[in-house]
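Just so you know, all these numbers are worked out from the coordinates, no wet-lab data involved. These figures come from a predicted structure and were not determined experimentally. A quick note on method: Cβ atoms are made from the backbone with ideal geometry, for glycine too, and the neighbour counts reach across all protein chains shown.
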């Protein structure tokens, strides 16, 4: 006890360290308390995938792109100087970890600000090792071990596994392509594939137990095999019939800290919210039929739904089999809508795949020299809005403000006017009433007041004051059209009891309330303080809507000593 006491309290330095640790813990807890959301992230991949050196050299440029991470090619150097791509790990060659040391160091020294969810590519190629080949699989398991260790050392989020065969006639997960398929039944191969998956996972868990194993697809590729008493009858002739068994083996040995992502490459052709919803329900639901019952709880807990977006489909001509129609609008706008829906429905990740053009410099001669924003103008803004609507709207609003081009669509949003003209009719503020241009509502039993406060304001005189409001709001409507997007900003402060928020609601062109499921709410960062604070949101007008209503709301005020002020309310249309 005496030694412990001296270690903790024996010096001023120890006090300082302890105080700093406590402060950091409090800040971390507060951050967690304030934001319970799981951030949604965009990952870029495609023919312009960079190697470690290209990633380091172009990181500053890529940080300006609308992504949270990238898929990287890690290429080692064999003893004879020839390249060793980590993506080709399904082979019987013996690898040495030191072959990849240079590439790992290139990534380790990078300090990305936003591009932090990076994944090292591994694939099922060349795929020429039979599942019953003990020596060959000993090499493959070691390759996976080296890949996991490399990802951890390089500071990557994990590995990106591509099960697709690119080296015919080999196809690692197709029963008929296995060298010994004449000697072993499909069920025997199934058991062996599960065993190999378990061996691979034991190696991964030993090296990087909290990694994310992102896959372009998992069980989503075999949805057709569900609905049968024994799905193996359907899987025996499938190109990926052994993939569920391999995943089953992963789950056998996976620690609870491991995360898997079914990237649902089938989403390349999805063009409606319903498409994404139905796929998510299938991946989380009936696809469980393809793995053993004892692993289904682990599957539900650890396998995330993701989606792939094929960018070329928004550029290709209508004659292409890979073509996404704009459905009455521009195809770039359709891209924004589909990526928005994919991100909302996915657990965490959506990946953007492109072939014909590039996001960053690449030596790949198959790629057009143009960038994607040059070839498909507006695609970067569409992705940025879908990924982070609030951040995009703030940036656009700041740009408009710096250019002096901020047309506020609200009347008397700064609460500085005593009279104004609305629809050709003059309006004059009435003593004891709400500010001119605004109306007030409160629930039965609420006896609060809504007054124009000429003296108090966030940046100058003038605000609206709500006092003693048990449940009520100040409101104003503007005419809008479906598909339009708006940034909405306000400032507020409060004293005493009660809560405040800003709400956006919708009406039809005939002024009937509609689409309550699409209400948008914004809350002040600090509900307890008396300083002026911001409320901010961004909205997209739903179908069937003709009016946007801004509601400045207060609830829970007990007496006239409980007061909330709102000021500088702004509604601006953004592109």
Considering the values (1) 27.2; (2) 45.8; (3) 36.4, which represents mean projected area of the Cα convex hull in nm² as calculated for the structure under consideration? (3)
Can you give the three extents of the C-alpha atoms in segment 500-575 along their principal axes, from longest to shortest, in whole Å? 41, 29, 19
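Rounded to the nearest 500, what is the 222 nm mean residue ellipticity of the chain from helices alone, with -39500 (n - 2.57) per DSSP H run of 4+ residues and division by all residues? Mind showing how you got there, number by number?
Numbers: 14 runs with 168 residues, N = 575.
About -9000 deg cm²/dmol.
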On average over all directions, what projected area in square nanometres does segment 419-574 have, based on the convex hull of its Cα atoms? 9.5 nm²
Please give the helix 52-62 orientation as an angle from the longest Cα principal axis of the chain, in degrees from 0 to 90, rounded to the nearest 10. 10 degrees
State the Cα centre-to-centre distance between segment 313-331 and segment 67-144 in whole Å. 35 Å
Rounded to whole angstrom, the alpha-carbon centroid of segment 538-568 lies from that of segment 479-498 at a distance of 6 Å
So how far, in whole Å, is the C-alpha centre of segment 393-463 from the one of segment 156-218? 62 Å
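Using 1/(1 + (r/R0)^6) with R0 = 41 angstrom and r between the beta carbons of residue 401 and residue 366, what's the FRET efficiency to the nearest 0.05?
On the way: r = 43 Å, r/R0 = 1.05.
Calculated transfer efficiency: 0.40.
Nearest 5 percent is fine: what portion of the DSSP beta bridges confined to the chain is antiparallel? List each step's numbers first, then the result.
Numbers: 62 of 96 bridges.
Just about 65 percent of them are antiparallel.
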Give the shape of segment 343-470 as rounded, prolate or oblate, defined through the alpha-carbon gyration tensor: a ≥ b ≥ c are the square roots of its eigenvalues, a/c under 1.5 means rounded, and otherwise the shape is prolate if a/b is larger than b/c and oblate if not. prolate
Kirkwood Rh, Cα Rg: Rg to Rh for segment 36-116? 1.04
